[in-house]
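*Asks:* So that we are looking at the same thing, I have put the structure below in structure tokens.
Just so you know, all these numbers are worked out from the coordinates, no wet-lab data involved. Note that the coordinates shown come from a computational prediction; the quantities given were computed from them, not determined experimentally. Backbone-built Cβ (ideal geometry, glycine too); neighbour counts: all protein chains shown.
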Amino acid sequence: MSLTLDPELRRALAERVRYCHEMGIYDFYRREPVISELTEAESETSEVLSSSLSAVSTSLASEPREGMFSSKAAATRVAGEGKLLETNSPAEYRVSDPVAALKLIREDLGNCTRCKLHQQGRKQIVFGVGNPRAELMFVGEGPGADEDTQGEPFVGRAGQLLNNMIKAMGLRREDVYIANIVKCRPPGNRTPERDECETCSPFLMRQIAAIKPKVIVALGAVAAKNLLAINASMSELRGRWYDFKPAGVRSSDTAWPGARLAVTYHPAFLLRDPRQKGEAWKDLQMVMKYLGIEPPKKSAE
Ligand code: SF4
């Protein structure tokens with residue numbers, strides 16, 4: 001191979017791989033190019049990029065990652081689509097117990113300063129709460145003032161309504177798992193920005209992969225759009241199922257097929273517009289039917 005990678009491109013690749021490692025993403029796949037569509041030079045460049053990415057990833061994997069991961073990564077190989085270039089897995093991949101896996105993810109998160117929300121008035125990181133083996137998981141947008149104070153998602157007025165919704169389904173709050181797209185309170189309860197969601201959500205993906213829920217309910221448009229990576233209105237997003245696999249990570253349970261995802265209104269929106277509670281109840285009934293939960297006698301208040 002006569003081509004070598006441009007130093008600037010190699011540096012950019014190294015930075016990208018380092019960032020992915022920090023986010024807990026270790027698996028890199030190369031999509032096989034359609035050879036007939038590539039010129040000879042492009043084909044050679046593609047090979048150089050592949051081997052360079054592999055080399056960059058390997059060299060980064062051997063670097064000490066103090067401050068990024070408290071746990072040691074394990075080298076593994078997995079079968080998958082495309083050609084595996086390099087795999088170094090976060091520690092939770094090696095444990096099947098979701099309690100231990102969540103603990104390892106929390107340790108990796110540490111006193112996170114990865115996005116600007118860490119310096120915009122947060123009191124603490126709000127990791128997530130609930131049953132680590134939950135079949136049902138709720139994902140909201142981000143912590144508010146009460147959540148920031150108490151360190152637990154959905155504990156304010158919206159949390160009370162979510163509790164009522166869960167109860168109306170015939171479940172208890174401790175039966176489900178609750179988390180948010182971002183784990184630090186955006187100032188003034190503003191909507192989390194794209195870079196904040198992109199930086200924080202890999203940890204949520206790892207939590208989902210550890211918990212392996214059957215169903216995820218996205219609460220509100222921000223959660224839905226971030227989880228599904230699609231831009232659509234609530235009326236388009238609601239009322240149907242999506243197949244969901246956490247992006248960039250995998251579960252320790254290779255038999256886990258992923259979750260089904262439904263979208264409903266955020267409880268804070270329902271507090272502002274109670275007329276939509278009936279619509280939210282329809283969404284929850286769809287979830288209950290799928291999970292085989294007996295319809296309760298009373299709907300959410
Ligand atoms: S929002 Fe997430 S990524 Fe940003 S500082 Fe908090 S924990 Fe870290």
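*Asks:* Starting with the fewest neighbours, write out C200, C115, C184 ranked by other beta-carbon atoms found within 10 Å of each beta-carbon.
*Replies:* Listed from fewest to most nearby Cβ atoms, that is C115, C200, C184.
*Asks:* Could you tally up the Lys pairs in the range 242-301 with alpha carbons closer than 20 Å? Skip any pair fewer than 8 positions apart unless they're on separate chains.
*Replies:* 7
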